[in-house]
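**Student:** Got a structure here, written out as structure tokens. Questions coming.
The values are calculated or read from the model by the stated rules, or taken from the named source; none is laboratory data. Predicted, not measured: the structure shown is a model, and the values here were computed from it. Every residue, glycine among them, receives a Cβ derived from its backbone with ideal geometry; neighbour counts consider all protein chains shown. The accessibility values were calculated without ligands, DNA or RNA, using every heavy atom of the protein model including side chains. Shrake-Rupley method; radii C 1.70, N 1.55, O 1.52, S 1.80 Å.
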Amino acid sequence: MKKRYNLFNLLYDVVNLVFIFTLYNDNFFVEKFGPLSLRVVFAVFIILNLRRMYKNITNRVLLKQLIPFLVFLLLSLSSLMINPGTNDPTKLTNNLLLLISMFVITVCYINYNFDKVLYMVWVVILSSVIILAFNSTINKWTFRKTGGTADPNEFATQLLAFSMISIYLFRKNRNYIFVSISAMAFLYGLFQAASLSSFLAAFVLGIFILIKYLRFAFTKSIITVTILAVVGIFAFISLQDKILDIQAIDNVLGRTEKTGTAKTRFQSWNAGLNMLVDKPILGVGMNNYAVNSPKYTRENLSQDSVAPHNIYLKSLAESGLIVFLSLVIFLFDMLTKYFRTIVNSDYFWIYLAVVAFLLMGFTLGLNYNKYLWLTFALLMNVHNQIYHHYKLIRLNKIQES
């Protein structure tokens, strides 16, 4: 009986690892195993987790924690049903599957073995970097490369979260080989992806880390950040020629200048604002931004510039103000709950992994990307651990009295 139980646990962990791999390396997985492979893995994952999902959704403590998320999900589903924005049944089915996957991932991983899933994510993203090493550049004229996902900007976002998760795990295992591998993989992948917004996000994350460890009051923190920014600007001006001569830096800045990324994104964002003005309540329909953006602007948008490139504007334009408000409430609840406890513990690094995605969300429409919701689920898992920790402390105090 024990052997059968162990075999089931092994199968369960393998399926979880493969499932997480598909979240971060979907394009690679499809190329190797065919377009139906993702759905097969997802179906097996659901079957093995049916009992867990049922127990979690009927658990009063977890259900209370899930309420902001479930409200957002139900409103998103209602918006999709009322205004699908398309007559294509395949697209509607895919959108429904995305919402289902968000539910399944969040409910399953909200109380999954925390360190185990973090190591799985670490292994998977490290695998993405290895995939990147063997990939060719994404087109003829650029040096940019990506891992198992098609978009190098998304890959860079995953790497930012990977760096935070790596620090958390290192503070647990104190293994210098582990952290050295993590650092090399992160830096190699980030410069190969050459996402300018990821470097800006990394800078902001660095400021958050600095404020935490300096333990300054808010006013002192602002003054410190301002001084560092001024010093950084003067240092850049003084060493500009030498800095720009570094090949990796030249590649990133040169690509940005050649492609006119900022201009095309402003044009796309303007189209999104016009969609919101036209349809403020229900929007243009889930995942219909790219189809509609040429209709809502006078600019001649290229194929690369029709996407929203912004989580928040994508939600507003596609699903309307009501769904967007529920998203804001969910994010606010997730980011503020047990904030002081999290900031003063190693969970801070998991918190920053979520912040990394939200920062990159200003230039990427990640709303329905499954790895985003896995990261959200990890932070909600932290909330669950802290709740039970405080509950145990209260019980001990009662018993002592």
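**Student:** Rolling a 1.4 angstrom probe over the protein heavy atoms, how many square angstrom per residue are accessible across region 1-94?
**Tutor:** Value for region 1-94: 65 Å² per residue.
**Student:** Please compute the length gained on full extension between V15 and A150, using 0.36 nm multiplied by the number of residues separating them and subtracting their Cα-Cα distance.
**Tutor:** This chain segment gains 46.3 nm when fully extended.
**Student:** Turning to a different aspect of this structure: For K172, what is the net charge nearby, where nearby means another residue's Cβ is under 11 Å from its Cβ and Lys, Arg count +1, Asp, Glu -1? Working shown, then result.
**Tutor:** Working: positive: R171, R174; negative: D115, D346.
Every neighbour counted, the sum reads 0.
**Student:** Would you please give the FRET efficiency between M81 and V231, computed as 1/(1 + (r/R0)^6) with r the Cβ-Cβ distance and R0 = 56 Å, to the nearest 0.05?
**Tutor:** Values: r = 54 Å, r/R0 = 0.97.
Efficiency computed from Cβ-Cβ geometry: 0.55.
**Student:** Per residue of the chain, what 222 nm ellipticity follows from adding -39500 (n - 2.57) for every DSSP H run with n ≥ 4, rounded to the nearest 500? Please report the intermediate quantities before stating the final value.
**Tutor:** Working: 18 runs with 313 residues, N = 401.
After summing the helix terms and dividing by the residues of the chain, the value is -26500 deg cm²/dmol.
**Student:** Hey, what's the per residue convex hull volume over the C-alpha atoms of region 36-83, in cubic angstrom?
**Tutor:** Enclosed volume per residue, from the Cα hull, is 94 Å³.
**Student:** Place the peptides 196-203, 307-314, 355-362 in order of packing, highest mean first, counting for every residue the other Cβ atoms within 10 Å and averaging per peptide.
**Tutor:** Highest to lowest by the protection proxy: 307-314, 355-362, 196-203.
**Student:** Using the basic label-point model (7 angstrom from Cα toward the beta carbon), what is the L48 to N270 distance in nanometres?
**Tutor:** The two pseudo-label positions are separated by 5.0 nm.
**Student:** What order, most packed first, do the peptides 378-388, 113-123 have when packing is the mean number of other Cβ atoms within 10 Å of each residue?
**Tutor:** So the peptides 378-388, 113-123, ranked by packing, come out 378-388, 113-123.
**Student:** Starting from the Cα of L7, step 7 Å toward the Cβ, then list every residue of region 25-53 with an amide N under 20 Å from that point.
**Tutor:** Under 20 Å, as judged by backbone N against the label point of L7, lie 44-45, 47-49 of region 25-53.
**Student:** Estimate the FRET efficiency between T58 and S345 by the formula 1/(1 + (r/R0)^6), using the beta-carbon distance for r and 22 Å for R0, to the nearest 0.05.
**Tutor:** Details: r = 29 Å, r/R0 = 1.34.
Rounded to the nearest 0.05, the efficiency is 0.15.
**Student:** Same structure again: Using the alpha carbon gyration tensor of region 264-401, what are the three equivalent-ellipsoid semi-axes (square root of 5 times each eigenvalue), largest first, in whole Å?
**Tutor:** 40, 15, 10
**Student:** Pull up all non-local amide H partners of I281: gap of 5 or more, or a different chain, and H-to-H distance under 5 Å with H placed in the peptide plane.
**Tutor:** Distant-sequence amide H within range of I281: L321.
**Student:** Could you calculate the FRET efficiency of L325 with L36 from 1/(1 + (r/R0)^6), where r is the beta carbon distance between them and R0 is 25 Å, rounded to 0.05?
**Tutor:** Details: r = 37 Å, r/R0 = 1.48.
E(calc), rounded to 0.05, equals 0.10.
**Student:** Here's another thing I want to ask about it. Using per-residue counts of other Cβ atoms within 10 Å, averaged over each peptide, order 317-328, 340-351 from highest down.
**Tutor:** Top of the packing list down: 317-328, 340-351.
**Student:** Please give, to one decimal in nm, the separation of the simple spin-label points placed at D88 and N113, each 7 Å out from Cα toward the Cβ.
**Tutor:** 4.1 nm
**Student:** Also, quick follow-up: How big is D for region 2-150, in µm² s⁻¹ as a whole number, if Stokes-Einstein is applied with the Kirkwood radius of its Cα pairs at 25 °C and 0.890 mPa s?
**Tutor:** Working: Rh = 17.6 Å.
So the translational diffusion coefficient is about 139 µm²/s.
**Student:** For N310, what is the net charge nearby, where nearby means another residue's Cβ is under 12 Å from its Cβ and Lys, Arg count +1, Asp, Glu -1?
**Tutor:** Net charge in that neighbourhood comes out at +1.
**Student:** A further question on this structure: By the scheme Lys and Arg +1, Asp and Glu -1, what is the net charge of all other residues having a beta-carbon under 14 Å from that of Y347?
**Tutor:** +3
**Student:** Using label points projected 7 Å from each Cα along Cα→Cβ, tell me how many nm separate H389 and L187, to one decimal.
**Tutor:** Distance between label points: 3.2 nm.
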